[in-house]
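What follows is a short report on a single structure.
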Amino acid sequence: MGENLVQKILGSHLVAGDLHQGDEIAIRVDQTLTQDATGTMAYLQFETMGIPRVKTELSVSYVDHNTLQVGFENADDHRYLQTVAAHHGIYYSKAGNGICHQVHLERFGAPGKTLLGSDSHTPTAGGIGMIAIGVGGLDVAVAMGGGAFYMPRPKVVKVYLTGKFPPFVSAKDVILGLLSIMTTKGNVGKIVEYAGPALAHLSVPERATITNMGAELGVTTSVFPSDEQTLSFLKAQRRESVYRPLAADADAAYDEVIEIDLSKLQSMVAQPHSPDSVATVAGLKGKRVNQVCIGSCTNSSLRDLAVVAQMLKGRHVHPDVELVIAPGSRQVEMEASQRGFMTLFLQAGARIAETACGFCIGSGHAPGSGEVSVRSNNRNFKGRSGTADAMVFLASPETCVACALTGEFTEPRGLGIAPPVFDLPESFMIDDSMVLTPPPDGSAVEVIRGPNIGAPPKTQPLPDRIEKSVLLKVGDKITTDHIMPAGQFLKYRSNIPRYAEVVFNGVDPTFPKRALDAGGGFVVGGDSYGQGSSREHAAICPSHLGVKAVFAKAIERIHKANLVNFGILPLVFENAADYDRIEQGDTFVLEGIHASLLGDRVLTVKDVTRNFEFRVKADVTQRQALILKDGGLLNHIAMGGK
């Protein structure tokens with residue numbers, strides 16, 4: 001039996017475990033990336049390890065989230081990031097150079113390599129043939145120190161693509177179609193591998209759109225083969241030296257196979273408030289649109305902007321619509337400027353935003369109260385845009401333009417204009433002057449710490465008995481945005497006590513005070529708890545407030561790992577019906593925790609308020625059980641663990 005592509009790449013990096021049996025494997029990490037919202041804490045954690053220089057082949061620190069410098073906090077944090085990068089041998093991509101995933105694809109990604117990033121959309125690099133995985137910052141810090149990355153032994157889902165796109169249908173419609181099939185839940189531990197004859201027509205930027213938004217499936221990552229399309233892209237970036245062909249064997253086996261015929265796809269949208277609430281544009285025809293935003297790490301490549309420019313040429317945005325366009329990188333921005341796209345955007349009535357995450361994370365361009373915003377980004381969680389009652393829809397750049405021109409949901413093919421055409425340039429404009437190369441020896445570089453820079457929080461070993469109350473009970477699909485809001489609060493990412501003041505701010509703003517007054521407690525959640533961003537602060541800040549365990553029907557992969565890393569028990573109901581019997585305020589007693597963790601990991605919980613017992617399972621591996629017992633990963637490492 002031959003190997004699939006996932007097995008080939010993981011197999012060449014395997015340092016522990018077996019790809020064919022067992023629960024967990026460990027791989028060697030070639031590259032890491034961080035962004036400023038998660039990177040400050042990652043580097044603070046790395047510093048505590050006492051390792052003078054990173055041990056990866058390549059590590060890059062990007063500034064792309066908090067580029068808006070309102071107050072001193074962001075500017076101070078950027079200075080810390082720049083100096084700590086130089087001190088420890090890390091490349092530094094300055095604010096304005098672009099979104100980490102777009103820039104990494106352009107300038108650093110390499111087929112067959114492994115990449116760990118402290119951002120959930122790190123799988124974007126799967127479009128160039130990498131196994132690229134989003135994780136919490138502490139896992140990145142460990143990898144920079146030379147440690148292996150542990151992950152569930154993956155199940156591989158083959159998505160077989162055939163046919164060619166109809167006019168105005170594109171890569172965004174592929175991933176929206178797949179989300180309608182796989183949904184956002186139930187996919188923990190899976191990796192999606194793309195194959196099929198349609199790949200011959202999919203460029204690397206189009207592939208990257210698909211792998212980027214594959215993060216919304218809840219899978220570990222997604223990956224495309226490395227082929228002629230990959231080589232063309234790398235040649236255009238003058239990096240063909242890193243090219244290597246990679247593909248699955250003809251007789252490779254898969255755990256699941258899904259077929260998608262591109263020729264049968266329609267223009268799609270994800271409706272509020274979940275990326276898997278998918279509908280056709282035709283089905284929403286006539287619904288009013290107030291705002292359109294094109295950009296983010298999903299759809300901000302030169303290909304995307306070229307399509308937008310062609311569709312806008314000679315036309316003007318509807319008078320009741322605000323159109324915002326944000327290039328994904330400085331390279332894309334320069335190429336678009338040279339080709340006249342920027343002038344076309346301005347003539348059409350668009351606003352040009354900085355090349356950054358911006359509106360996608362709620363950092364600017366929030367819609368008006370109750371308004372409809374159609375966006376090319378990857379998430380439409382309630383309130384993420386910065387407006388609690390806004391209705392955010394996700395769509396392709398083609399659909400975004402159609403909505404902007406008409407002021408309502410409109411099929412792009414109904415505009416009566418010629419379908420846009422774009423060919424990858426033979427050579428991109430290359431200017432890496434905003435990527436700072438670390439000195440060979442950075443030991444003399446002073447690391448500058450502003451007043452907003454704190455220290456990684458300290459945790460205590462897990463007690464054997466816990467008696468606490470349920471501080472909060474929430475429903476299904478609670479995201480890390482619900483737990484730890486971004487937008488205006490991200491500037492406190494390096495100041496844990498201050499950031500902890502807004503835990504569950506949009507769900508129950510009284511939570512932080514109640515948690516502190518009670519000396520900590522528990523959170524009870526429903527299905528798919530912790531989906532979305534890799535933001536480890538959604539574990540760090542609750543830990544700071546004394547949260548000891550999360551009880552849920554299911555917990556998503558990255559958040560579960562972050563809970564473990566910061567000493568919070570991730571507990572899954574054996575009987576989901578027990579969730580309905582529990583009320584906020586109930587007091588739970590957990591006893592014999594250590595023996596359970598080191599045994600079958602099943603605990604019997606006493607709800608002393610309602611006088612009944614229920615069983616939960618610590619959804620962790622044996623290695624993670626030891627980390628929990630020590631009170632978190634930093635404690636575990638300090639005690640000699642791995």
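Here are the numbers for this structure:
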item	result
Among the residues listed as Arg315, Arg384, Arg303, Arg379, the single one being basic (Lys, Arg), assigned to a helix (DSSP H, G or I) and either outside the structural domain of Leu490 (by TED's automatic domain parsing) or surrounded by 24 or more Cβ atoms within 10 Å (Cβ to Cβ) (or both)	Arg303
Flag for Glu446 being surrounded by fewer than 16 Cβ atoms within 10 Å (Cβ to Cβ), among the charged types (D, E, K, R) and in contact with a strand residue (DSSP E or B) (Cβ under 7 Å, 6 or more places away or on another chain)	no
Any hit, the stretch 54-73, residues being in a helix (DSSP H, G or I) and either in contact with a Gly (Cβ under 6 Å, 6 or more places away or on another chain) or on the phi < 0 side of the Ramachandran plot (or both)	yes
Any hit, the stretch 80-99, residues being of a type in the set (A, V, I, L, M), under 22 Å from Met434 (Cβ atoms) and without any contact (Cβ under 8 Å) to a residue 60 or more places away in the chain	yes
Among (1) crowded, with 16+ Cβ neighbours inside 10 Å; (2) at pLDDT 90 or above; (3) outside the structural domain of Gln531 (by TED's automatic domain parsing); (4) among the aliphatic types (A, V, I, L, M), the one test that Leu472 misses	(3)
Residue check for Glu333: assigned to a loop (DSSP other than H, G, I, E, B) and touching a Ser or Thr at 6+ places or on another chain (Cβ under 8 Å)	no
Options Gly147, Gly177, Gly163: the member that is at pLDDT 95 or above, more than 26 Å from Ala402 (Cβ to Cβ) and either of a type in the set (A, V, I, L, M) or more than 19 Å from the chain's Cα centre (by Cα) (or both)	Gly147
Within the stretch 490-535, tally of residues that are touching a strand residue (DSSP E or B) at 6+ places or on another chain (Cβ under 8 Å), under 24 Å from Gly364 (Cα atoms) and of a type in the set (A, V, I, L, M, F, W, C)	2
Pro497 being in the same structural domain as Thr604 (by TED's automatic domain parsing) and modelled with pLDDT of 90 or more	yes
Meets criteria (small (Gly, Ala, Ser), at pLDDT 95 or above and not assigned by TED's automatic domain parsing to the domain that holds Cys360) for Ala486	no
Some residue of the stretch 499-516 being closer than 18 Å to Val140 by Cβ and surrounded by 24 or more Cβ atoms within 10 Å (Cβ to Cβ)	no
Any hit, the stretch 567-584, residues being crowded, with 24+ Cβ neighbours inside 10 Å and either of a type in the set (Phe, Trp, Tyr) or not in a strand (DSSP E or B) (or both)	yes
Verdict on Leu284 being surrounded by 14 or more Cβ atoms within 10 Å (Cβ to Cβ), over 25 Å from the mean Cα position of the chain (by Cα) and under 30 Å from Glu333 (Cα atoms)	no
Residue list for the stretch 74-120, restricted to those being under 16 Å from the mean Cα position of the chain (by Cα) and part of a helix (DSSP H, G or I)	Cys100, His101, Gln102, Val103, His104, Leu105
Test: residue in the stretch 406-416 that is within 29 Å of the chain's Cα centre (by Cα) and without any contact (Cβ under 8 Å) to a residue 60 or more places away in the chain	no
Residue identified as touching a Gly at 6+ places or on another chain (Cβ under 7 Å), closer than 23 Å to Ala37 by Cβ and free of Cβ contacts under 8 Å to residues at least 40 places away in the same chain among Ser363, Ser385	Ser385
Verdict on Ser433 being among the hydroxyl-bearing types (Ser, Thr, Tyr), free of Cβ contacts under 8 Å to residues at least 60 places away in the same chain and either touching an Asp or Glu at 6+ places or on another chain (Cβ under 9 Å) or outside the structural domain of Tyr62 (by TED's automatic domain parsing) (or both)	yes
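One line per residue, one yes/no per condition, for (1) part of a loop (DSSP other than H, G, I, E, B); (2) touching a Cys at 6+ places or on another chain (Cβ under 9 Å); (3) under 25 Å from Glu583 (Cβ atoms):
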position	(1), (2), (3)
Asn452	yes, no, no
Lys458	yes, no, no
Glu467	no, no, yes
Leu471	no, no, yes
Gly475	yes, no, yes
Glu501	no, yes, no
Val507	yes, no, yes
Lys513	no, no, yes
Ser533	yes, no, no
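For (1) of a type outside the set (Gly, Ala, Ser); (2) surrounded by 14 or more Cβ atoms within 10 Å (Cβ to Cβ); (3) in the same structural domain as Ala148 (by TED's automatic domain parsing), each residue gets a yes or a no:
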site	(1), (2), (3)
Ala595	no, no, no
Arg601	yes, yes, no
Arg610	yes, no, no
Leu626	yes, yes, no
Lys629	yes, yes, no
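The values are calculated or read from the model by the stated rules, or taken from the named source; none is laboratory data. What you see is a predicted model, and the numbers here were worked out from it, not measured in a lab. No Cβ is skipped: glycine too gets one built from the backbone with ideal geometry, and neighbour counts run over all protein chains shown.
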